[in-house]
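Chemist: Pasting a structure here, questions to come.
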Amino acid sequence: MKQKARTINLNIDPQNLFEFDGLALDFNTQTIMGVKKGENHPLIGQSKLGFSRYRQSKAPKILHESISPSDQTWFDSNHQLLAYDHLIAVDTNTNSIAGSHVSITAAFHVIPQINENGEAQCMVAVIALLEFWNVSAKQENLGWFTILNMILAHQSFFPGKIALIVDSDLGNHDAFNNREIPIYNDMYLPSNVTISYASDKGGPEHLSTKLIKHCHNLASDLYKNGSLLLKKQGLVSIENEVYSHFRQWDIEKSSLRAFVSNDGRSQSTQGTKFVPLVE
């Protein structure tokens, strides 16, 4: 089947138009540099990178959007994300069960480690599986809020810059990242966190797609075989909240799908190896 046309969008600081004579692409490092008097220099300010897919009679489908964590400017989504100190992918699935709607939030943690040859090895781990019943607010945003509060309570485990990878509320991402509006209630993004967008239909070339798909699958697994109704342990009734019941699943005691291959060897995507992280 013929692949639909893809478009790359790169927004850079307008100051670069006046500072440099032109641009140079380095395909080895997947970066864009400014050219001035025959020499290459990093561009000024942060950049936003986006990928979209053409759709007939519809607006383009956004596949990925992220902001660079530094003044380096990449034209590859994976290089850009792997420049962060931590990637936290969060996805929430909601289904109807026995007259109630149940939302499962899954959060997956990636720590990129780049060696001197520019090769990446990522430590990975599921950090949370949360269950909310009858949520009367935005389920996805409630999930982000809860995961970020968990991160803030354990900041020593998350030093540096964090990319929060999500698949919803794209229209508000700029306002979230500019701290113009809160992501949920009165919570603004922490100063070291930048929100990024990933579509589960983004394609295998995007690490962000792989991460958001994995979260989606982790959440979906809990709905299988009626496990939420059969397992009542840990489910507690909640008052004065936007949900009626809550449960935090014990990750160590749960049987979770692996992010690595079935034979236990680390899986690679775009030359990046992923190995389990024991937190």
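The values are calculated or read from the model by the stated rules, or taken from the named source; none is laboratory data. None of the values given here were measured: they were computed from a predicted structure. Heads up, the Cβs are rebuilt from the backbone with ideal geometry, glycines too, and the neighbour counts pull from every protein chain shown.
Chemist: Looking at the range 52-64, can you tell me whether even one residue there is among the hydrophobic types (A, V, I, L, M, F, W, C), closer than 23 Å to V35 by Cβ and in contact (Cβ under 8 Å) with a residue 12 or more places away in the chain? Full working, then the answer.
Modeler: Of the range 52-64, the ones among the hydrophobic types (A, V, I, L, M, F, W, C) are 59, 62-63.
Restricting the remaining residues to those that are closer than 23 Å to V35 by Cβ gives none.
No, because not a single residue in the range 52-64 is among the hydrophobic types (A, V, I, L, M, F, W, C), closer than 23 Å to V35 by Cβ and in contact (Cβ under 8 Å) with a residue 12 or more places away in the chain.
Yes/no per residue for (1) farther than 28 Å from E140 by Cα; (2) in the same structural domain as L129 (by TED's automatic domain parsing):
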site	(1), (2)
F18	yes, no
G22	yes, no
L43	yes, no
A59	no, no
L63	no, no
G99	no, yes
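Chemist: Name the single residue, out of those in the range 51-76 being under 18 Å from L23 (Cβ atoms) and not aromatic (F, W, Y), that is modelled with the lowest pLDDT. Steps first, please.
Modeler: In the first step, residues of the range 51-76 are kept if they are under 18 Å from L23 (Cβ atoms); the result is 68, 70-76.
From the residues that got through so far, the ones that are not aromatic (F, W, Y) too are 68, 70-73, 76.
Working: S68: 95, S70: 89, D71: 85, Q72: 90, T73: 93, D76: 93.
Taking the candidates together, the pick is D71.
Chemist: Restricting attention to helices (runs of 4 or more DSSP H) lying wholly within the range 163-258, give those where 3 or more residues are more than 23 Å from L49 (Cβ to Cβ).
Modeler: Values: elements: 173-177, 207-221, 227-230.
Where helices (runs of 4 or more DSSP H) fall fully within the range 163-258 and carry at least 3 residues being more than 23 Å from L49 (Cβ to Cβ), they are 207-221, 227-230.
Chemist: For F132, work out the one condition from (1) out of contact with any Ser or Thr (no Cβ under 7 Å at 6 or more places or on another chain); (2) buried (at least 22 other Cβ atoms within 10 Å of the Cβ); (3) in a strand (DSSP E or B) it doesn't fulfil.
Modeler: F132 satisfies every listed condition except (1).
Chemist: From the list E65, E39, which residue is under 18 Å from I195 (Cα atoms) and of a type in the set (D, E)? Spell out the reasoning first.
Modeler: Values: E39 fails: under 18 Å from I195 (Cα atoms).
Step by step, each of E65, E39 is checked, and only E65 is under 18 Å from I195 (Cα atoms) and of a type in the set (D, E).
Chemist: So which of V110, V166 ends up being under 15 Å from L218 (Cα atoms), hydrophobic (A, V, I, L, M, F, W, C) and touching a residue at least 12 places away in the same chain (Cβ under 8 Å)?
Modeler: Values: V110 fails: under 15 Å from L218 (Cα atoms).
Matching residue, one of V110, V166: V166.
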